[in-house]
Structures are given as C-alpha cells and as structure tokens.
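Undergrad: Sharing a structure, written as structure tokens. Questions coming.
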Ligand code: ATR
C-alpha cells in the first residue's frame, strides 16, 4: 500500500493528514498518510526508509526544512532558491526534494484574485522568513516589478535582496505606510496575527482600494489584516488556500493522481480549525 507522512519535531499541530486523508478517500486510493515525529538526530535514518515498505515520500516541517537539502540526491531549483524543502519523494531510486509553498501561494493568489496581474505595481511583503522567501521567489518569477520586504529585523530583509536581486527592496517596519501607497499586492508572511500572537497592526489608509491583500496566517481564517482590507473593499486572499494548494503536488507525486482543492475540503479544515 502506498504511504506518505509529514515529519517534524514536534509534529502534533499538522493538518496535512486531514488534507491527504480526504483526497485518498475522494479519489478511492488505498493508501495512508500519517504524522511521524522525527527527532533531528534521526532524520537521515528516516530518509533512508523512503522507497521501502510502500513509503513514497514525505512532507517536511519545522525544524527539518533546511537540513533535508543536504540529505537528498536532487534538490529542485525552487527549493534551492528558497533555501528550504517541504516535499520529498523517490523517483528512479533517487531521493528528490522540492518546495511547494511558492506554487501553493501563486495558485491560490491567481484563483482568489483573477483580476490581479504581476505588472500592476509593486508588492509589499511583511516578514522575511522561509514563507517570505517562497513568496518573493514566486512574485519575482511572475514578473512583479518591485518587491518591498518589510521586516522587524532589517538584516533578514536585506539578505532577501542579496539572494533574489535588485527587484527586492528591503524596508524598515516603521516605514511600512509609505511603501503601501502604490502597492498592487500586500502579503503578510510573518506570524503576526496568528492565534496567540499579537496582530499585524498596519495603517492601510494609503493602500489603494484596488489592491490585493493576502495573509498566510489561517488561524484565525480572517486575521485583523484581512478584516481591515475587507472594509476597504480590497480583494482578499486567505492563508488556508495556500495550505491546501501546497499539498497538491506531494499527493500527486506519492499517490499518482492530481487532487483538486474544492469547497468540501476547505470546510473540513475550517471545522477542524474551529474545533481546535
Ligand atoms: P517562517 O519560516 O514560517 O516564515 P520565521 O522564519 O520564524 O518563520 O519568520 C517569521 C517572520 O515573522 C519573521 O519575518 C519575523 O520577523 P524577524 O525576522 O524580525 O524575526 C516575523 N515576526 C515574528 N514575530 C514578530 C513580531 N512580534 N513582530 C514583528 N515581526 C515578527
């Protein structure tokens, strides 16, 4: 029986089993997807099990997303550029790693904001961690002319400019309002706004009402940022869609069929978030 899992340390919070379990059932595939706690010192031994006993591969979460890059045979260009992988699979006897956060975000952005085009104007990204790197890479590849990265720690924003080139402009947090005036898209990639963290407190007054506002936080589903953007009439892109769309590629690689992200799956995850 084909099987896959999500590995992390700890692993208890992951919703991936719910997503892949739904698709396995929907597509009538006899397979399994589980959560597996893997401590850092057991990571290499775990990766050695892929390809045996039906194990086709895994999703990778904190703290292994960077470490796996040096433990597989092939790293995709996107994973190399982002500097982290979240999906591993075996192909022709070789272990491959890629990062599906970028395509997950871009697919969801295009689906939620079909009127947005990359050449419409600058993007403003709040945060400069792993998620920001994936999104900056995706927006740059799509052709966004200028990507302003606003972060509490300026050095991390500056590093993105070094890694992704002159399209990326680092900006200090206290100048964020100034960066919004001609933005076509604003994305929160920081953990601000997540349940248990302080909200992202931005003055959206200068942001054009026509802008797209995205948040990668999905708990709560409507963050303060998205609620503020809603009152302005902006197009909203929530964090749940990225979570669902980033899972598509892994499922296809492990189980051989490409699943779709539909309203029933969304409702299932929303119910789970609410129960938590
Ligand atoms: P991920 O890989 O999931 O993006 P991360 O690397 O921990 O996670 O990045 C989290 C982002 O949220 C960072 O940009 C972080 O800012 P710093 O680089 O200054 O740490 C941002 N962040 C988290 N808590 C914050 C806070 N209280 N205020 C401002 N930014 C915060």
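Undergrad: Normalising by the residue count of the chain, find the relative contact order in percent from Cα pairs under 8 Å and 6+ residues apart. Intermediate values should be presented prior to the final figure.
TA: Values: 544 pairs, mean separation 44.6, N = 276.
16 percent.
Undergrad: Relative to the longest principal Cα axis of the chain, at what angle does helix 16-26 sit, 0 to 90 degrees, rounded to 10?
TA: Value to nearest ten degrees: 70.
Undergrad: Next up: Once both axes come from the Cα atoms, what is the angle between helix 101-112 and the longest principal axis of the chain, in degrees from 0 to 90, rounded to 10?
TA: 60
Undergrad: Sorted from fewest to most neighbouring beta carbons within 10 Å, what does the list 102, 173, 71 look like? Could you put the intermediate results ahead of the total?
TA: Details: 102 26, 173 14, 71 17.
With the sparsest Cβ surroundings first, the list reads 173, 71, 102.
Undergrad: If you don't mind, another one. What order do you get for 29, 125 when you list them from fewest to most C-beta neighbours inside 10 Å?
TA: Values: 29 18, 125 28.
With the fewest neighbours first, 29, 125 line up as 29, 125.
Undergrad: Still on this structure, I have one more. Say we join alpha carbon atoms closer than 10 Å with springs in a Gaussian network model of the chain; which of 166, 145, 198 then has the biggest fluctuation?
TA: 198
Undergrad: Next question, about the same structure. Using a Gaussian network for the chain with springs between C-alpha atoms less than 10 Å apart, which of these wobbles most: 160, 18, 186?
TA: It is 18.
Undergrad: In whole angstrom, how far apart do the alpha carbon centroids of segment 53-84 and segment 37-52 sit?
TA: Spelled out, the Cα-based centre of one part sits 12 Å from the other.
Undergrad: Oh, and also: Going by alpha carbons, how many degrees (0 to 90, nearest 10) lie between the helix axis of 130-142 and the longest principal axis of the chain?
TA: For helix 130-142, the angle is close to 70 degrees.
Undergrad: What ranking do 112, 184 get, fewest neighbouring Cβ atoms within 10 angstrom at the top?
TA: On the way: 112 16, 184 22.
Ordered from fewest to most neighbouring Cβ atoms within 10 Å, 112, 184 come out as 112, 184.
Undergrad: How much length, in nm to one decimal, is gained on full extension between residue 270 and residue 142, taken as 0.36 nm per residue of separation minus their Cα-Cα distance?
TA: On the way: separation 128, 0.36 × 128 = 46.08 nm, distance 2.96 nm.
Gain on stretching residue 270 to residue 142: 43.1 nm.
Undergrad: A further question follows. Using a 10 angstrom cutoff on alpha carbons, build the Gaussian network for the chain and name the most mobile of 85, 123, 227.
TA: Result for the chain, Cα springs under 10 Å: 227 fluctuates most.
Each reported figure results from applying straightforward, stated rules to the coordinates on display, with no laboratory input. Every value quoted in this text rests on a predicted model; they were computed, and no experiment measured them. When we count neighbours, we look across all protein chains shown, and the Cβ atoms used for this are built from the backbone with ideal geometry, even at glycine.
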